[in-house]
1. Tell me which residues, restricted to the range B:220-253, are under 26 Å from the mean Cα position of the chain (by Cα) and either assigned to a helix (DSSP H, G or I) or among the β-branched types (V, I, T) (or both).
2. Which residues, counting only those in the range A:249-277, are open to solvent by 60 Å² or more (accessible area, probe 1.4 Å), within 12 Å of another protein chain (Cβ to nearest Cβ) and modelled with pLDDT of 85 or more?
3. Taking A:G60, is it under 30 Å from A:N22 (Cβ atoms), touching a Lys or Arg at 6+ places or on another chain (Cβ under 7 Å) and among the small types (G, A, S)?
4. Of the residues in the range A:252-298, how many are more than 14 Å from A:V236 (Cβ to Cβ) and among the basic types (K, R)?
5. Identify, please: which residue in the range A:158-196 is open to solvent by less than 20 Å² (accessible area, probe 1.4 Å) and within 14 Å of another protein chain (Cβ to nearest Cβ) and is, among those, nearest to the chain's Cα centre (by Cα)?
6. For the structure I just gave you, tell me whether A:K74 is open to solvent by 30 Å² or more (accessible area, probe 1.4 Å) and without any contact (Cβ under 8 Å) to a residue 24 or more places away in the chain.
7. Scan the range B:285-294 residue by residue and report those that are touching a helix residue (DSSP H, G or I) at 6+ places or on another chain (Cβ under 7 Å) and either under 20 Å from B:K160 (Cα atoms) or surrounded by 22 or more Cβ atoms within 10 Å (Cβ to Cβ) (or both).
8. Has the range B:95-111 got at least one residue that is more than 10 Å from every other protein chain (Cβ to nearest Cβ) and exposed (fewer than 12 other Cβ atoms within 10 Å of the Cβ)?
Amino acid sequence: MTNYIIETKQLTKLFGNQKAVNNVNLHVKKGRIYGLLGRNGAGKTTIMKMILGLTSITSGEVDVFGKNIKGREKQVYPRIGAIIETPGFYPNLTGTENLEIFAKLRGTPAPNAVKNALEVVGLPYKDKKLFSEYSLGMKQRLGIANAILHDPELLILDEPTNGLDPIGIAEVRDFIKNLSVERGKTVLISSHILSEISLLADDIGIIDHGVLLEESSMEELRRKNGNYILLHVSDVSKATLILERQFGLKDYSVHDDHMLRIYDTSLDMASVNKALMLDEVSVISSQLCNDTLEDYFRKITGGDGIA
Amino acid sequence: MMNWFYILAFVLAICLIIIFYLVTKLQRVAEQISIIEDSLGDIKKGNWNRRILVNENDMTKTICYSINDIAINSQTQLIQLKQSEQAYKRLMTSLSHDVKTPLTSLVGYLEAIQKKFVTGEEKEEYIEVALNKAHHLKDFVESLFDWVKLDAKEQVFQLKQSDINELTRDILADWIPTFEENRFDYHIDISDEECLIQLDQNSYMRMVNNLLQNAIAHSKGTKINLKIMEKGEEVIVQISDNGKGISPHDMPHIFDRLYQSDESRSTNGNGLGLAIAKELVHLHKGTIYAENSLSGGTVFMIKLPKAL
């Protein structure tokens, strides 16, 4: 059994002659939040639509829950919750009535599913307010409530924070995080805002002009992108002594018998190397790590940047 | 004769309708059972996220709801287990760095002394630095044990009705030499009247000590204020300084275990004091928070309920 909840193989979508999605191999792991990052029109929504069967696949395959989705739609889709673009609700009904209709259509896992879903997103149950009177933020919340109504294993959310104010964004982020951390859901979420994704995602896929440029875990990215000097020396105790006595350095940490991180990046490395050599500590390597995430994405997308 | 025929036809029609109804019902149940079978297979393989969806008037409704309930409960337990496992792992990694760093440098100093690279006055200084580092390490390990005990809920609490005003005055009496040594002015605003509250005295001392220690070590200020206010069923202990404040970048994390701001990493902190204070306050069903005051410096507030 594979550990991927969603896996696409050479997924491609043609609109006319234009390749909207080009040979994308996506890997969404179980219980994690996968952030699909790309600018508007990069192909994020098209990928999600193909996974959900909302648009045809030109070529390639989509595996969901470990098996090809073709012919298994009826078994698979009830296990997914999704928001793609604006969800269709009846304007002249209340939020609760709208959700009750969807609950009847799809079935529910528990008797009080509608109430629970509304509670999670912070909307009142049995409120008199009609959907047409909802603010944009409330509409988005109702959309998310609808996506989690049947307690699905997998959530596919296309820019769920679009149109929300900063507090609303933080709230939505928190409960998506909660769904993953406390209830073990797998989430595929798209966004064009780097800072958003970096706060939320465990894994990240960067897509540009229909091509998946990079897939990586956030942990890996954070490790690569810090602000410190990595010093690899033969004798780390001696090296710390020299750094403390001769350079007055206190801001460092020791990682193993040969590896040091110095957090004061203004340190003159040439004289540090010289001092270490004089005391017979050999410096195997020293490396300045000061890429920020923004720099990193700029590099990957070839100069344009994303956010 | 004709009458009989009509009656027979009518009965037959009703029977057919009933049979048709039962067959569809049966089909629906069969369909449901195959879904249940499928889901149970999946759950058996360890997918506790799987849910069975049913409609309001399905015959299998109660069974499905129960299966879902079992799956949800197991899932919750599993996740809690996993979370504590992860917390433990994180503790081990940070522990290895936080102990290794001072230990490594301690070894560096001792080696220099042993190999006689330094002599006379410099040697004495090296010994003093090494000793300081050893003390710091000892404090750190002690705090860490406290933290682990708290985290594992092994700490024993003795809740007693105590006069928080008097208790705080006693704690402060021991701090005055330290304030003076570090050139801190202090201003204390505690009422002379009794203010009874249920608390574990040792824990309360730890909270106040940790906050005062934090202000002296990191605020870079010159003044500490401590104020106790009674508000209905709550008591608020407020400790503020006139230092540099806490950067907005660090503010959300200051109560996290082993979180240290870039600036405080180089000083004598260990990243546990505030985390321990927070945990202790929570055990008293209180809240703790910090904010930068407009006039500069940081204000820490502990709110404790009078009765638990």
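1. Of everything in the range B:220-253, those that are under 26 Å from the mean Cα position of the chain (by Cα) and either assigned to a helix (DSSP H, G or I) or among the β-branched types (V, I, T) (or both) turn out to be B:I228, B:V235, B:I236, B:V237, B:I239, B:I246, B:M251, B:P252, B:H253.
2. A:H258 - this is the single residue of the range A:249-277 that is open to solvent by 60 Å² or more (accessible area, probe 1.4 Å), within 12 Å of another protein chain (Cβ to nearest Cβ) and modelled with pLDDT of 85 or more.
3. Numbers: under 30 Å from A:N22 (Cβ atoms): yes; touching a Lys or Arg at 6+ places or on another chain (Cβ under 7 Å): yes; among the small types (G, A, S): yes.
Against the criterion (under 30 Å from A:N22 (Cβ atoms), touching a Lys or Arg at 6+ places or on another chain (Cβ under 7 Å) and among the small types (G, A, S)), A:G60 qualifies.
4. Residues meeting the conditions: 2.
5. The selected residue is A:V187.
6. Working: open to solvent by 30 Å² or more (accessible area, probe 1.4 Å): yes; without any contact (Cβ under 8 Å) to a residue 24 or more places away in the chain: yes.
Taking the combined requirement at face value, the residue satisfies it.
7. The one that is touching a helix residue (DSSP H, G or I) at 6+ places or on another chain (Cβ under 7 Å) and either under 20 Å from B:K160 (Cα atoms) or surrounded by 22 or more Cβ atoms within 10 Å (Cβ to Cβ) (or both): B:T287.
8. Initially, the range B:95-111 is screened for residues more than 10 Å from every other protein chain (Cβ to nearest Cβ), giving B:95.
Within this subset, residues satisfying the condition of being exposed (fewer than 12 other Cβ atoms within 10 Å of the Cβ) are none.
Within the range B:95-111, not a single residue is more than 10 Å from every other protein chain (Cβ to nearest Cβ) and exposed (fewer than 12 other Cβ atoms within 10 Å of the Cβ).
The values are calculated or read from the model by the stated rules, or taken from the named source; none is laboratory data. This is a predicted model, so every value here is computed, not measured. Cβ coordinates were reconstructed from backbone atoms using ideal geometry, including for glycine residues, and neighbour counts include every protein chain displayed. Protein only, heavy atoms only, side chains kept; ligands, DNA and RNA dropped before computing areas. Shrake-Rupley method; radii C 1.70, N 1.55, O 1.52, S 1.80 Å.
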